[in-house]
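A.B. asks: Starting off with a structure, shown below.
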Amino acid sequence: MASRERVETRVLGVARVLWLAVVLVACVLPLFYMLLLSVRPLQAVLSDPLGVPSPSELNLEAYRRVIASPEDGGYGLLSFFGNSLIVALGSVVATVLLSVLGAYAATRLRFPGKNVVNVSFFAVYMFPGIVMAIPLFVLFSRLGLRGELPALIVIYLASTVPVSVYMLRNYFRSIPKGLEDAAMVDGCNRVQVIVRIVLPLAMPSIAATSLYVFMIAWNEYLFALLFLLESRDNWTVSLGLAQLDDISVSATVLMAGSVLLTLPVIALFFAAERLLVEGLTAGAEKG
């Protein structure tokens with residue numbers, strides 16, 4: 001019996017390793033190939049797309065063309081990065097602020113219709129974003145906000161706040177209420193309890209929520225196209241990258257733009273890896 005259990009354990013261990021290897025290759029190989037294409041000369045890519053470049057072949061010309069302004073023969077992606085940072089960081093700050101307050105209220109406070117509010121937060125997220133596209137386009141056009149970055153932030157808030165409240169609410173439930181009661185006995189008011197007790201303990205979940213919001217705002221294309229197409233100076237990086245998907249643009253330049261688009265999210269993930277794992281795990285356990 002013991003021998004059979006050992007065999008099953010070994011088989012499951014090998015299967016787990018093989019599965020992880022397959023997932024790793026499926027995730028890493030496209031990124032690695034994209035990086036290789038971005039640093040190879042165009043002629044070398046056309047003659048041997050799957051070839052491994054020699055050190056003498058490597059160059060950053062594609063990156064220079066992507067970043068340089070149109071006046072210098074480039075595509076001006078660097079200025080679009082600044083717009084995307086404004087939108088992404090603004091969305092993160094506003095979403096986290098509203099979601100923390102909403103999640104705390106849904107977890108700790110008692111008020112009429114609390115259950116309806118909790119269900120509504122998640123129900124809103126179930127509606128596809130395209131449903132709101134035309135009404136928002138008409139509304140923002142009449143308000144004179146079409147083509148402005150703040151309008152994009154408001155749109156992203158509508159799609160990220162409900163699910164962010166849901167994520168944070170699950171984590172807030174894991175925080176012992178006795179800690180808050182003790183702080184209030186010591187003279188803290190509700191706001192001080194949130195700032196001094198809840199936020200430090202919920203930092204892993206807040207980090208996971210922030211990365212989620214950042215990825216949505218950084219990569220989103222549909223609403224950016226709908227509201228910013230006529231204002232090139234306010235284009236986000238996703239719109240800037242879309243202009244590279246043209247037959248006149250070389251594959252190396254397109255891959256260089258794709259690498260630059262991916263780097264901020266990867267850097268944020270590795271910078272906050274520990275907090276993200278704690279936040280996602282705790283949220284899953286409580287959910």
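Here, each number is a calculation from the coordinates, and none is a lab measurement. Fair warning: this is a prediction, and the values are worked out from it, not measured in the lab. Note that we place each Cβ from the backbone using ideal geometry, even for glycine, and neighbour counts take in every protein chain shown.
A.B. asks: Taking neighbour counts of Cβ atoms within 10 Å as a proxy for exposure, in what order, fewest first, do 80, 269 appear?
C.D. replies: Arranged by neighbour count, lowest to highest, 80, 269 become 269, 80.
A.B. asks: Could you grab the relative contact order for the range 1-96? Cα pairs under 8 Å, six or more apart, rounded to a whole percent.
C.D. replies: 13 percent
A.B. asks: Continuing with the same structure: Compute the distance in nm between two label points, each set 7 Å from the Cα along the Cα-to-Cβ direction, one at residue 123 and one at residue 141.
C.D. replies: It is 3.0 nm.
A.B. asks: Moving on. Just to check I understand the Karplus step: with θ = phi - 60° and J = 6.51 cos²θ - 1.76 cosθ + 1.60, what whole-Hz values come out for the range 87-102, glycine and proline as x?
C.D. replies: 5, 5, 5, x, 5, 5, 4, 5, 5, 5, 4, 5, 6, 4, 5, x
A.B. asks: Taking neighbour Cβ counts within 10 Å as the exposure measure, how do 143, 152 sort from fewest upward? Write out the running numbers ahead of the final one.
C.D. replies: On the way: 143 10, 152 28.
Going from least to most buried by this count: 143, 152.
A.B. asks: If you don't mind, another one. Please name whichever of 12, 24, 36 sits farthest to the positive end of the charge dipole of the range 2-61, dipole taken about the Cα centre and charges placed at Cβ: Lys and Arg +1, Asp and Glu -1.
C.D. replies: Most positive-ward Cα: 12.
A.B. asks: Could you give the length gained by full extension between residue 17 and residue 225, i.e. 0.36 nm per residue of separation minus their alpha carbon distance, to one decimal place?
C.D. replies: Values: separation 208, 0.36 × 208 = 74.88 nm, distance 4.21 nm.
That pair, residue 17 and residue 225, stretches by 70.7 nm at full extension.
A.B. asks: Taking neighbour Cβ counts within 10 Å as the exposure measure, how do 61, 273 sort from fewest upward?
C.D. replies: Going from sparsest to densest Cβ surroundings: 273, 61.
A.B. asks: Kindly write out, for the range 194-210 in residue order, the coupling ³J(HN,Hα) from the Karplus curve 6.51 cos²θ - 1.76 cosθ + 1.60 (θ = phi - 60°), rounded to whole Hz, with x marking Gly and Pro.
C.D. replies: So the J values, rounded to whole Hz, are 5, 6, 8, 10, 5, 4, x, 6, 8, 4, x, 5, 5, 5, 5, 5, 4.
A.B. asks: On to the next question. Expressed as a rounded percentage, what relative contact order does the chain have, with Cα pairs under 8 Å and six or more residues apart?
C.D. replies: Taking the mean separation of contacting Cα pairs over the length of the chain, I get 28 percent.
A.B. asks: Of the options 47, 139, 109, report the single residue whose Cα projects farthest towards the positive end of the charge dipole of the chain (beta-carbon charges: Lys, Arg +1; Asp, Glu -1).
C.D. replies: Value: 109.
A.B. asks: Stretch residue 232-residue 26 to full length: gain in nm at 0.36 nm per residue minus the Cα-Cα span?
C.D. replies: So the chain would gain 70.6 nm between residue 232 and residue 26.
A.B. asks: If you average the C-alpha positions of the range 162-188 and of the range 57-102 separately, how far apart do those two centres end up, in angstrom?
C.D. replies: The range 162-188 and the range 57-102 have Cα centres separated by 35 Å.
A.B. asks: Next up: For every helix of n ≥ 4 consecutive DSSP H residues, a contribution of -39,500 (n - 2.57) applies; sum these over the chain, divide by its total residues, and give [θ] at 222 nm rounded to the nearest 500 deg cm²/dmol. If you can, show how the numbers build up before the last one.
C.D. replies: Working: 14 runs with 210 residues, N = 287.
Taking each H run of at least 4 residues, the total per residue is -24000 deg cm²/dmol.
A.B. asks: Within the range 143-158, find all residues whose amide N lies under 11 Å from a label point positioned 7 Å from the Cα of residue 243 along Cα-to-beta-carbon.
C.D. replies: Of the residues in the range 143-158, none has backbone N under 11 Å from the label point off residue 243.
A.B. asks: Placing +1 at every Lys and Arg Cβ and -1 at every Asp and Glu Cβ, with all other atoms neutral, what dipole size does the chain have around its Cα centre, in debye to the nearest 20?
C.D. replies: Roughly 1180 debye, rounded to the nearest 20.
A.B. asks: Assign unit charges at the C-beta atoms only (+1 for Lys and Arg, -1 for Asp and Glu), then state the dipole size of the range 2-61 relative to its Cα centre in Debye, rounded to the nearest 20. Before the final figure, lay out each step's value.
C.D. replies: Numbers: 5 positive and 5 negative charges, 89 e Å.
Using Cβ point charges on Lys, Arg, Asp and Glu, the range 2-61 gives about 420 debye.
A.B. asks: Same structure, new question: Report the FRET efficiency, 1/(1 + (r/R0)^6), for residue 189 and residue 273, where r is their Cβ-Cβ distance and R0 is 35 Å, rounded to 0.05.
C.D. replies: In this case the efficiency is close to 0.50.
A.B. asks: Might you report the magnitude of the Cβ-based charge dipole of the range 74-177 about its Cα centre, with Lys and Arg at +1 and Asp and Glu at -1, to the nearest 20 debye?
C.D. replies: The calculated dipole for the range 74-177 is roughly 520 debye.
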